[in-house]
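Colleague: My questions all concern the structure below.
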């Protein structure tokens with residue numbers, strides 16, 4: 001298998017993991033509070049990364065007691081990204097949160113322009129405008145379909161999700177600088193570990209003791225999802241250009257849309273159906289198309 005094929009395969013695994021993630025989080029939130037879910041995800045991811053580092057490169061574990069301030073900020077940003085996305089899903093729906101969280105890669109491109117002096121092309125400017133227009137159409141369609149009296153909760157959920165997207169962009173821009181000095185494993189063992197301590201005071205252990213086996217299995221999946229998705233993302237970036245990886249990853253909401261459409265059509269009892277309309281779908285596709293134009297890279301872009 002060629003390196004490009006490997007890169008595409010690992011990227012598709014990441015996309016699949018993130019596409020299913022939003023739905024799994026929504027189901028879990030029906031029985032388990034958001035901070036507990038986020039804490040468990042980080043705990044399982046940290047445990048797996050800690051064991052891996054302890055076996056493969058134990059000297060690097062010194063990062064746990066001697067991190068740089070940039071690593072601490074990066075970890076705090078990812079910690080908020082997780083809870084922001086989780087609360088967005090809780091207050092709205094998997095598809096809504098997935099569309100809003102895609103502003104993260106767009107903001108990352110903006111940060112790249114300001115902090116790394118990256119050049120911006122006319123295509124990227126068009127992409128920015130399309131993303132804003134598409135998201136606005138999507139938001140207007142969905143807020144209009146929300147039951148009377150719940151519009152405020154929907155707007156609150158979308159705004160919280162957007163703060164999570166900002167946090168992810170901050171995390172990603174810091175990673176771009178940190179990977180020049182640290183390995184991915186060394187960074188992740190601290191970045192996954194600090195949120196375990198941050199969210200520990202908010203964990204409802206009493207509730208965890210009474211949930212069913214099915215919800216325990218769901219929690220384990222959510223933790224494993226973090227390890228698998230971020231592990232595959234690192235491997236994808238090893239074999240494939242970052243621009244191509246970004247373009248493919250931005251498409252992960254489509255998986256959520258398709259799965260939620262099927263579940264809504266099946267009228268399953270374990271998750272609320274989505275309220276899709278032609279305009280809301282068009283708005284989401286315009287927003288995603290704009291995001292793709294922003295994150296895609298050309299070898300010799302025309303700049304302004």
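The values are calculated or read from the model by the stated rules, or taken from the named source; none is laboratory data. The model shown is predicted, which means the values in this text are computed figures rather than measured ones. In this analysis, Cβ positions are derived from the backbone assuming ideal geometry, glycine residues included, and neighbour counts consider all displayed protein chains.
Colleague: Among the helices (runs of 4 or more DSSP H) contained in region 86-203, which hold 3 or more residues that are over 17 Å from the mean Cα position of the chain (by Cα)?
Modeller: 103-115, 122-145, 151-178, 184-199
Colleague: Checking the conditions here, which among 168, 136 is at pLDDT 85 or above, out of contact with any strand residue (DSSP E or B) (no Cβ under 7 Å at 6 or more places or on another chain) and either on the phi > 0 side of the Ramachandran plot or surrounded by fewer than 19 Cβ atoms within 10 Å (Cβ to Cβ) (or both)?
Modeller: 136
Colleague: While we're on this one: So which of 271, 286, 258, 228 ends up being closer than 14 Å to residue 96 by Cβ and modelled with pLDDT of 80 or more? Show your work before the answer.
Modeller: Numbers: 286 fails: closer than 14 Å to residue 96 by Cβ; 258 fails: closer than 14 Å to residue 96 by Cβ; 228 fails: closer than 14 Å to residue 96 by Cβ.
Unique residue meeting the criteria: 271.
Colleague: Follow-up. May I ask you to list the residues in region 176-209 that are surrounded by fewer than 20 Cβ atoms within 10 Å (Cβ to Cβ) and within 20 Å of residue 83 (Cβ to Cβ)?
Modeller: Listed by number, the residues that qualify are 197, 198, 200, 201, 202, 203, 204, 205, 207, 208.
Colleague: Still on this structure: Does residue 99 fit the bill of being within 17 Å of residue 274 (Cα to Cα) and either free of Cβ contacts under 8 Å to residues at least 12 places away in the same chain or surrounded by fewer than 19 Cβ atoms within 10 Å (Cβ to Cβ) (or both)?
Modeller: Here the answer is no, as residue 99 does not meet what is asked.
Colleague: Would you check if residue 20 is at pLDDT below 90 and within 30 Å of residue 130 (Cβ to Cβ)?
Modeller: For residue 20, the condition - at pLDDT below 90 and within 30 Å of residue 130 (Cβ to Cβ) - is not met.
Colleague: Taking residue 59 and the conditions (1) outside any helix (DSSP H, G or I); (2) without any contact (Cβ under 8 Å) to a residue 40 or more places away in the chain, which numbered condition does it fall short on, given that it satisfies the others?
Modeller: Of everything listed in (1) outside any helix (DSSP H, G or I); (2) without any contact (Cβ under 8 Å) to a residue 40 or more places away in the chain, residue 59 misses just condition (1).
Colleague: Let me ask you something else. Against the condition touching a helix residue (DSSP H, G or I) at 6+ places or on another chain (Cβ under 6 Å) and more than 23 Å from residue 222 (Cβ to Cβ), how does residue 127 come out, does it pass?
Modeller: So residue 127 passes the test.
Colleague: Okay, moving on. Return yes or no: is residue 54 touching a helix residue (DSSP H, G or I) at 6+ places or on another chain (Cβ under 7 Å), free of Cβ contacts under 8 Å to residues at least 40 places away in the same chain and either within 22 Å of residue 209 (Cβ to Cβ) or in a helix (DSSP H, G or I) (or both)?
Modeller: In short, yes.
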